[in-house]
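J.: I am attaching a structure below and will ask some questions about it afterwards.
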Amino acid sequence: AAKEAGRGRCEYFAPALGERSRRVVSVEHELRQALQRGELSLDWQPWVRVDTWELLSAEALVRWQHPTLGSIPPAEFIPVAEKCGLIGEIGAWVLQRACQEAQALFGNLMISVNVSPAQMMRTGLLDDVRRALQVSGLAAERLEIEITEGIFLDDTPTAMSNLHQLKSLGVQIALDDFGTGYSSLAYLRRFPFDTLKIDRAFVRELLTHHDARAIVRTIVELARMLGMRTVAEGVEEPAQLEVLRRAGCSSVQGYLLARPAPAEQMRRLMDSWDPNSRPDPGDLPASE
Ligand code: C2E
Ligand code: MG
Ligand code: MG
Ligand code: MG
């Protein structure tokens, strides 16, 4: 149906709708409205250093609260925004907003912002980042851009050039969802990422699958030797944390420490954060 709708239009069947009210929704239209009506917002999710249990950084995650469809997750609308050509506007808004909230509320905490492949390939990205830093007054060194391996799929030279230009602004670059994409190791040789984020898929199986544990250990060791920090995503249990600590993983993120929440709540978390509150490992599976 989306193709028949013609160029410039982007229709999509919204799975968020219940059986009763199902219809094809023009997400392009809804998303444009979303920006204008101020339906987008940001949640923040911290990462913490494994050794000292200090807050290191916080990741901005975009949220869309639609008046009738309710809350629509980014995994649903970001791909649509990419197809509709709306990712530029949305991405610019996210960058701007994230830098402003961080500068206003987070002291010297680092922040990270997700940039999707289609956004990375746009020529305007660099200007968007520069403007967001300028308008907010946030120091470039406090900003990290999270990208996925998907950016290398179509046009590696452009992706590389954009990454190098971003780095020359002083911002840091994280490789997100590491281990789920393609030819990961080749890209690690070709670009000096500051951070490697180990995908939740590995963390999820850490306690039950020896192979997941072996892969995580190897990723951590590789990252260490290449001078990158590692962040394990989706840490939910103290025992996972303990396995990651033993593997030498430098930081963790996940529901175990905090769920994503609006900036004011993130600020309160920062104020009440206790570095002595690292959870007990509890019962670990037999170690090899
Ligand atoms: P991501 O960047 O890998 O973000 C991590 C996702 O895992 C987030 O989902 C987060 O809420 C969730 N998560 C964090 N800790 C845990 C945990 O312990 N357990 C479980 N089950 N989940 C956890 P979210 O916010 O729905 O975002 C999904 C994806 O959408 C992100 O994956 C990112 O790829 C994309 N995304 C989010 N915000 C933006 C944005 O502003 N711009 C772009 N381009 N993409 C975004
Ligand atoms: Mg991310
Ligand atoms: Mg991730
Ligand atoms: Mg992920």
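J.: Taking square-rooted eigenvalues a ≥ b ≥ c of the alpha carbon gyration tensor, is the range 157-288 rounded, prolate or oblate, where a/c under 1.5 means rounded and, failing that, a/b exceeding b/c means prolate? Write down the numbers at each step before the final one.
T.: Details: a/c = 2.28, a/b = 1.24, b/c = 1.84.
Oblate shape, in that a/c is at least 1.5 and b/c is the bigger or equal ratio.
J.: Specify the residue with the greatest mean-square fluctuation among LYS197, LYS167, LYS83, computed from a Gaussian network of the chain linking alpha-carbon atoms under 10 Å apart.
T.: Taking springs between Cα atoms under 10 Å, the residue moving most is LYS83.
J.: At 1.4 Å probe size, with every protein chain present, just tell me what the per residue accessible area of the chain comes to in Å². Please list the in-between numbers first.
T.: Numbers: 14100 Å² over 288 residues.
Ligands and nucleic acids excluded, the figure is 49 Å² per residue.
J.: Next question, about the same structure. Kindly provide the pair-distance distribution of the range 129-174 built from C-alpha pairs, with 10 Å bins from 0 and whole-percent values in order of increasing distance.
T.: Reading upward from the zero bin: 26, 50, 22, 2.
J.: How much of the DSSP beta bridge set in the chain is antiparallel, as a percent to the nearest 5? Please report the intermediate quantities before stating the final value.
T.: Values: 18 of 39 bridges.
Expressed as a percentage, antiparallel bridges in the chain total about 45.
J.: Among LEU163, LEU257, LEU222, which one shows the biggest mean-square fluctuation in a GNM of the chain, springs joining Cα atoms closer than 10 Å?
T.: Its mean-square fluctuation being the largest, the pick is LEU222.
J.: Can you pull the one-decimal nm distance between simple spin-label points at GLU141 and THR68, each 7 Å off the Cα toward Cβ?
T.: 5.1
J.: Over the range 43-165, what is the mean sequence separation of C-alpha contacts under 8 Å (at least six apart), divided by residue count, expressed as relative contact order in percent?
T.: Working: 155 pairs, mean separation 28.7, N = 123.
Computed value for the range 43-165: 23 percent relative contact order.
J.: Long-range amide H contacts for SER57: which residues qualify at under 5 Å (H placed 1.01 Å from N, peptide plane, sequence gap of 5 or more or a different chain)?
T.: TRP47
J.: Using a Förster radius of 22 Å, what is the FRET efficiency between ALA104 and TRP53 based on their Cβ-Cβ separation? Nearest 0.05, please. Each step should come with its number before you reach the end.
T.: Working: r = 26 Å, r/R0 = 1.16.
With a Förster radius of 22 Å, E is 0.30.
J.: Which residues' amide hydrogens lie under 5 Å from the amide hydrogen of ILE173, considering only partners 5 or more residues apart or on another chain, with H built in the peptide plane?
T.: ILE145, ASP194, THR195
J.: Can I ask one more? Take the alpha carbon atoms of the range 159-215, find their radius of gyration, then divide it by 2.2 N^0.38 Å using N residues; give the quotient.
T.: Details: Rg = 13.8 Å, N = 57, 2.2 N^0.38 = 10.2 Å.
Ratio of Cα Rg to 2.2 N^0.38 Å: 1.34.
J.: Further question: When ranked by the protection proxy of mean other Cβ atoms within 10 Å per residue, highest first, what sequence do the peptides 45-56, 84-95 form? Walk me through the numbers on the way to the answer.
T.: Numbers: 45-56: 18.7, 84-95: 20.6.
Taking the mean over residues of other Cβ atoms within 10 Å, the ranking is 84-95, 45-56.
J.: Next up: Test of understanding: express the Cα radius of gyration of the range 89-148 as a ratio to 2.2 N^0.38 Å, with N the residue count. List each step's numbers first, then the result.
T.: Values: Rg = 10.8 Å, N = 60, 2.2 N^0.38 = 10.4 Å.
Cα Rg divided by the expected 2.2 N^0.38 Å: 1.03.
J.: Right, next: Could you give the length gained by full extension between ARG246 and LEU222, i.e. 0.36 nm per residue of separation minus their alpha carbon distance, to one decimal place? Working shown, then result.
T.: Values: separation 24, 0.36 × 24 = 8.64 nm, distance 1.51 nm.
Additional length available on full extension: 7.1 nm.
J.: By its C-alpha gyration tensor, with a ≥ b ≥ c as the square roots of the eigenvalues, how is the range 100-218 shaped: rounded for a/c under 1.5, else prolate for a/b larger than b/c, else oblate?
T.: Numbers: a/c = 2.57, a/b = 1.45, b/c = 1.77.
Oblate, since a/c reaches 1.5 and b/c is not below a/b.
J.: Bin width 5 Å, alpha-carbon pairs only: give the P(r) of the chain as whole percents, running from 0 to the bin holding the largest distance.
T.: Histogramming the chain at 5 Å steps yields 1, 5, 12, 15, 17, 16, 14, 10, 6, 3, 1, 0 percent.
The values are calculated or read from the model by the stated rules, or taken from the named source; none is laboratory data. What you see is a predicted model; the values in this text were computed from it and never measured. Methodologically, a virtual Cβ is constructed for each residue, glycine included, from the backbone with ideal geometry; neighbour enumeration extends over all protein chains shown. Ligands, DNA and RNA are stripped out before the accessible areas are found, and what is left, the full protein with its side chains, is counted by its heavy atoms. Shrake-Rupley method; radii C 1.70, N 1.55, O 1.52, S 1.80 Å.
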